[in-house]
Amino acid sequence: MWTNSKVAYHHHDHKRCVTAAMQRAKVLCDDRQVRLTPIREAVFKTIWASHRPLGAYDIVDQMTLATSPVKRILPPTVYRSIEFLLEQGLIHRLASLNAYIGCPFPGNDHNDVFLICRECGSAAECSADYLTTAVEQTAQRANFQVESQVIEIVGLCPECQA
Ligand SMILES: [Zn+2]
Ligand SMILES: [Zn+2]
Ligand SMILES: [Zn+2]
């Protein structure tokens, strides 16, 4: 079982998270022989700007702010990049927020449990095999075929409880 809750909730040198995420993404794309184009990379970096999930509109907005006004960011291009990053498992979609967050553990098959803080908006990703097993058993009993399972838990992070 692993989690990135230590960095997701507490003050830390976030540049290191971004650098590490970028490196993992490059290695993974190289291995799979898919291209991390400049626009895909820019979308990925925008999502990794913090540990708070970002909606598609916010991603477009922030990218527009970061780019010169001459070069317009086209939303469909951004949406296609989001699709690519999702397919590669580099980001996850949080259905309850309709927002995206960078995956700190890409490249290995995992089911996700997200602990989402309603106060600061941070989301930490955890793996919990016993939860996965419980979900699978529940589905099996109902003869239900599971295609994806993302568990989203809402509450207060350690910082916001204080
Ligand atoms: Zn960080
Ligand atoms: Zn993940
Ligand atoms: Zn919080």
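The values are calculated or read from the model by the stated rules, or taken from the named source; none is laboratory data. Predicted model only: the values in this text are computed from it and were never measured. Cβ atoms come from the backbone with ideal geometry, glycine included; neighbour counts cover every protein chain shown. Protein only, heavy atoms only, side chains kept; ligands, DNA and RNA dropped before computing areas. Shrake-Rupley method; radii C 1.70, N 1.55, O 1.52, S 1.80 Å.
Looking at (1) within 19 Å of the chain's Cα centre (by Cα); (2) modelled with pLDDT under 90, which is the only condition VAL146 fails? VAL146 satisfies every listed condition except (1). The residue list LEU86, LEU65 contains one member that is hydrophobic (A, V, I, L, M, F, W, C), closer than 29 Å to GLU159 by Cβ and within 11 Å of the chain's Cα centre (by Cα), which is LEU86. Identify all residues within region 1-30 that are away from ligand 1 (no atom under 11 Å from the Cβ) and either among the acidic types (Asp, Glu) or under 14 Å from the mean Cα position of the chain (by Cα) (or both); write none if there are none. Correct list: THR3, SER5, MET22, ARG24, ALA25, ASP30. Would you check if VAL7 is open to solvent by less than 20 Å² (accessible area, probe 1.4 Å), at pLDDT below 95 and within 24 Å of GLU152 (Cα to Cα)? Here the answer is no, as VAL7 does not meet what is asked. Would it be correct to say that ARG93 is in contact (Cβ under 8 Å) with a residue 60 or more places away in the chain and within 18 Å of GLU125 (Cα to Cα)? Spelling it out, it is not the case that ARG93 is in contact (Cβ under 8 Å) with a residue 60 or more places away in the chain and within 18 Å of GLU125 (Cα to Cα). Restricting the search to strands (runs of 3 or more DSSP E) fully inside region 82-148 and requiring at least 1 residues that are more than 16 Å from ligand 3 (Cβ to nearest atom) and open to solvent by 60 Å² or more (accessible area, probe 1.4 Å) gives 91-94. Given the condition closer than 18 Å to PHE114 by Cα and in contact with a Leu (Cβ under 9 Å, 6 or more places away or on another chain), answer yes or no: does some residue in region 22-35 qualify? Among the residues of region 22-35, not one is closer than 18 Å to PHE114 by Cα and in contact with a Leu (Cβ under 9 Å, 6 or more places away or on another chain), which makes the answer no.
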